[in-house]
Amino acid sequence: MIDEPIDLGALASFREALIEDDPADLYEHAPCGYVSLRPSGRVVKANRTFLSWTGYTATSLGALRIHDLLAPGDRIFYETHFAPSLALQGHVREVAVELRCADGRRLPVLLNAILVADDLGEPAAIRLAVFDARERRAYELELLAARREAEAAAERARALAATLQKTLLPPSPPSIPGMAVGGAYRPAGDGSEVGGDFYDVFEIPGAAWGIVIGDVCGKGASAAVVTALARYTLRAEAVRSPSPAAVLARLHDAMVRDHGDGFLTAVYLTATPIDDGVGIRMSAAGHHLPLLVDLDGGVRPVGRTGHLLGMLGPPRLHDDDVVVRPGETLVMTTDGVIEARRDGEFYGEARLHALLSANAGIGAPELADLVANDAIDFQRGAPRDDIAVVTLQAVG
């Protein structure tokens, strides 16, 4: 059987007929709903598309106003915003509402409206173009659910980070005869990530106390691993050696052996009450030196800086002895203080020295909080880096 040849002329005529469709049919079966209203909101006419979407008949719809087709909240919006805007501007575009269908369903739609005036310029009719927004609403709900899930996940992350961070910091500085110790920690940003700054205060044999402040490279889980390693290695080695430099050297060995891709800076010291204050033996490994604040407001760094820990090669470290007299305070900070930035300006050592000088003699806990809070205030409440501060004051 041989197929008959296609009549190209007839096909072209058919296509032309589709393009030049009957205007009435185009109105009735348009891909959107059309509704005509009186200025009062009374429905005058609706096309078949609108009727099929909502389930109304032309007769039942003719007894209603647009207010009757809207959900309660959208009805209030129509009266307070939609209608006044239409009267003022002559048109309203892409307003999202829900229509009440004949069977009680709610249909999400977008409304476009124009106000038609008569020859005298008085409102004569309102014409609505109604677009089915069910898929758009479903997409919006999916986005909303995803956003809520993301916010919940972020909140869980913040809570987990805060809990983990608490395990890496002492709950509160202990009460020590002859000295007062203060500690402050502030996380970077919103606190949703475990920071690399830490401090610890613990008792060691010989009526002495070990105090350490450190800054681990990085953040998150990897920083938490190094912080935990540092904290517990220091506590263990402090029992074996009275030399802070030797204790830090053993921490370096442990880091190279067990965590070869991380490094940290730290100051570790032992504090022993003596007749004229507190005797300090300290070692600094790549960290900012402690600052000694005297009763007259003088501020000076003490000790010598050695190599940071965790890099290949044995670090060069020193033991230095310092006496903190009654009323004097030793202040140790991480770089989140002096490297705090605002509009390209650093907080800096000079600002820290001035703050300590102006507050010489206040209690150790109060001074620790003061330094941390001042650095955060300098950054308008949004710290870029973690901040840790430890203060030790000799009490006469």
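The values are calculated or read from the model by the stated rules, or taken from the named source; none is laboratory data. A quick note: this is a predicted structure, and the numbers were derived from the prediction, not measured. Positions of Cβ are generated from backbone atoms using ideal geometry, with glycine treated the same way; all protein chains shown enter the neighbour counts. Side chains are part of the model used for accessible areas, which takes the heavy atoms of the whole protein and leaves out ligands, DNA and RNA. Shrake-Rupley method; radii C 1.70, N 1.55, O 1.52, S 1.80 Å.
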- Message: Looking at the range 202-218 only, could you name the residues that are out of contact with any helix residue (DSSP H, G or I) (no Cβ under 7 Å at 6 or more places or on another chain) and under 11 Å from G262 (Cα atoms)?
- Response: C217, G218
- Which members of the range 25-47 meet the condition of being of a type outside the set (A, V, I, L, M, F, W, C) and open to solvent by 50 Å² or more (accessible area, probe 1.4 Å)? D25, Y27, H29, P31, Y34, R38, P39, S40, R42, K45
- Every residue from the range 287-298 that is of a type in the set (A, V, I, L, M) and crowded, with 19+ Cβ neighbours inside 10 Å: L291, L292, V293
- Identify the residue in the range 370-386 that is touching a strand residue (DSSP E or B) at 6+ places or on another chain (Cβ under 7 Å) and open to solvent by 60 Å² or more (accessible area, probe 1.4 Å) and, among all such residues, is modelled with the lowest pLDDT. R384
- Kindly indicate whether any position in the range 48-58 is more than 26 Å from E135 (Cβ to Cβ) and surrounded by 12 or more Cβ atoms within 10 Å (Cβ to Cβ). yes
- Task: Return a yes/no flag: does the range 287-302 have any residue that is at pLDDT 95 or above and at positive phi.
- Result: no
- Only one of (1) more than 36 Å from the chain's Cα centre (by Cα); (2) of a type in the set (A, V, I, L, M, F, W, C); (3) open to solvent by 20 Å² or more (accessible area, probe 1.4 Å) is not met by M282, so which one is it? (3)
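Here is a yes/no grid of residues against (1) closer than 30 Å to G277 by Cα; (2) modelled with pLDDT of 90 or more; (3) among the small types (G, A, S):
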residue	(1), (2), (3)
G189	no, no, yes
G195	no, no, yes
A208	yes, yes, yes
V247	yes, yes, no
- Working only within the range 304-317, note down all residues that are assigned to a loop (DSSP other than H, G, I, E, B) and either touching a residue at least 60 places away in the same chain (Cβ under 8 Å) or under 15 Å from S243 (Cα atoms) (or both). R304, G310, P314, P315, R316, L317
- Q165 passes all but one of (1) at pLDDT below 70; (2) open to solvent by 100 Å² or more (accessible area, probe 1.4 Å); which number fails? (2)
- Check whether at least one residue in the range 207-228 is open to solvent by less than 10 Å² (accessible area, probe 1.4 Å) and among the polar types (S, T, N, Q), and report yes or no. yes
- Query: How about the range 263-276: which of its residues are open to solvent by less than 10 Å² (accessible area, probe 1.4 Å) and either of a type in the set (A, V, I, L, M) or at pLDDT below 95 (or both)?
  - Reply: L264, A266, V267, L269, A271
- Just need a number here: residues in the range 65-84 that are in contact with a strand residue (DSSP E or B) (Cβ under 8 Å, 6 or more places away or on another chain) and open to solvent by less than 40 Å² (accessible area, probe 1.4 Å). 7
- Task: Inspect all residues belonging to the range 98-105 and state whether any of them is open to solvent by 80 Å² or more (accessible area, probe 1.4 Å) and either polar (S, T, N, Q) or in a strand (DSSP E or B) (or both).
- Result: yes
- Task: Enumerate the pairs (first residue in the range 113-134 and at negative phi; second residue anywhere and among the polar types (S, T, N, Q) and open to solvent by less than 60 Å² (accessible area, probe 1.4 Å)) with beta-carbon separation below 8 Å, excluding pairs fewer than 6 apart on the same chain, so at least 6 apart or on different chains.
- Result: A125/S36; I126/S36; R127/S36; L128/S36; L128/N112; A129/N112; F131/N112
- Working only within the range 329-348, note down all residues that are open to solvent by 30 Å² or more (accessible area, probe 1.4 Å) and not aromatic (F, W, Y). D335, E339, R341, R342, D343, G344, E345
- Message: Based on this model, can you work out whether A284 counts as assigned to a loop (DSSP other than H, G, I, E, B) and small (G, A, S)?
- Response: no
